[in-house]
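See structure below.
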Amino acid sequence: MAEVLLENVSRVFGGFTAVDGVDLRVAAGEFVTLLGPSGCGKTTTLRMVAGLEEATGGRISIGRRVVSEPDKHIHLAPDRRQLGMVFQSYAIWPHMRVFDNVAYPLQVRRRPAAEIRERVERALRLVEMEHFADRPAPALSGGQQQRVAIARAMVFEPEVLLLDEPLSNLDARLRTQMGDEFRSLQKRLGITTLYVTHDQDEAMALSDRIVVMRGGRMLQAGSPQDIYRRPSSEIVASFFGAPNLLDATVTTVEQAPSNLSRLAVRGADWQGVAYGNHMFTPGSRVRVLVRPEDFRMGTGNDESDATWRGEVVASVFRGARRSLRLRTAAGELNVEVPALTQPAMGEAVEVGAARSALWAFANT
Ligand SMILES: Nc1ncnc2c1ncn2[C@@H]1O[C@H](COP(=O)(O)OP(=O)(O)OP(=O)(O)O)[C@@H](O)[C@H]1O
Ligand SMILES: [Mg+2]
């Protein structure tokens, strides 16, 4: 399996920079997801790797081969890059049977008929669609069509798979199911995968690493866990859910393992212990991230837990959980609690959060 390497890759349209100096190495067999708001340059980046879009700067390599380097006038055509692609807009062809849809990339490559039959059967087995080979494509559900598209992308055993929002046409249940299936297939086959989505949950569930993009640039790359728990900026933090970002002042600083600082912080009518990346000093003003699901009702169990007192001003039942808004001296807090917890509107409550849940940013 091949690695994919992007070095300082850019794409300028007229005077507009859609992708701005992206550096990214997708290791062989790794699953990397580009995540970011609409227009941030995800599709353009993927299309440059595919060869469907010409880069205007930098270098792209697949395996040992440089496939794009505008300064040296290198631009390999898509069919010479040995990639499988599944794009949202690349629906399967409605006038063909499932078999012919999957066979198409091999027919274009003029493979012998016996080899085509064998490979198509194998690809359909991978996505558990072998019993549908003779179905006309329109007689399939959305999820089945998507599986056929994946089989078609994999039929010539590409070293690298590129997927652009491949699940976005599906309903929520199928999206989760197909995502999980695809992830286990990708792991089993060890295919290097570059995936694009603007769905945070999907990105977290599927990826080895997530690259958060905005305005054509990479903001942060890391494991889902790192990106979620230790975002490098408030922008990245705010990209996932409805986090609380509270103003506070550092009172004491200690070194903590893995290059972190452990900070005692004091905010408006609350205090606690937070972790942070930077070298803070006593007196530093910080913003403290607390995810809504990290609160517990009642005062903390541990002495170092932070506690906030507030009044319930909104309560939304969401089935598995309930979203509360609390008005506190530190501002309004988004708090997620088990759905059966039912504080009355206006009720005075206390919520606590463990220090491992508090993450500090420099407030500049
Ligand atoms: N051919 C083009 N000419 C001019 N501008 C373009 C062209 N293609 C893309 N852009 C611009 O480049 C920016 C990035 O587009 P891109 O399609 O990569 O975004 P995206 O992150 O995939 O967004 P979405 O989530 O909406 O699919 C956008 O502002 C878009 O308008
Ligand atoms: Mg896009």
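The numbers here are math on the coordinates, done by the rules we state, and not lab data. What you see is a predicted model; the values in this text were computed from it and never measured. No Cβ is skipped: glycine too gets one built from the backbone with ideal geometry, and neighbour counts run over all protein chains shown.
Numbers for the structure displayed
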{"item": "FRET E, pair Glu115, Asp71, Förster distance 51 Å, beta-carbon r, rounded to 0.05", "result": "0.80"}
{"item": "Of the DSSP H helices in the chain, those whose Cα atoms cover at least 15 Å axially and whose Kyte score averages 0.5 or more", "result": "98-108"}
{"item": "Segment Glu128-Leu260, length gained on full extension (0.36 nm per residue, minus Cα span)", "result": "42.9 nm"}
{"item": "Under-5 Å amide H pairs with Ile74, H placed in peptide plane, nonlocal only", "result": "Glu69"}
{"item": "q = 0.14, 0.18 Å⁻¹, segment 1-123: log10 I(q)/I(0) [Debye, one scatterer per Cα]", "result": "-0.72, -1.03"}
{"item": "Beta bridges by DSSP in segment 68-209, antiparallel share as percent, to the nearest 5", "result": "25 percent"}
{"item": "Sites Leu174 and Ser238, calculated FRET efficiency, Cβ-Cβ separation with R0 30 Å, nearest 0.05", "result": "0.60"}
{"item": "Projected-area average for segment 241-362 over all orientations - Cα convex hull basis, square nanometres", "result": "7.3 nm²"}
{"item": "Segment 202-264: C-alpha pair distances exceeding 13 Å, %", "result": "69 percent"}
{"item": "Burial order of peptide ranges 343-349, 5-11 (average beta-carbon count within 10 Å, highest first)", "result": "5-11, 343-349"}
{"item": "Neighbourhood charge, 12 Å Cβ-Cβ cut-off, centred on Ala320 and excluding it, Lys, Arg +1 and Asp, Glu -1", "result": "+1"}
{"item": "In segment 250-341, GluC sites (Glu not before Pro) in a DSSP loop with at most 16 other beta-carbon atoms within 10 Å", "result": "Glu303"}
{"item": "Average Cα contact separation per residue, the chain, under 8 Å, 6 or more apart, as relative contact order %", "result": "15 percent"}
{"item": "Kirkwood hydrodynamic radius of the chain, Cα pairs, Å", "result": "23.0 Å"}
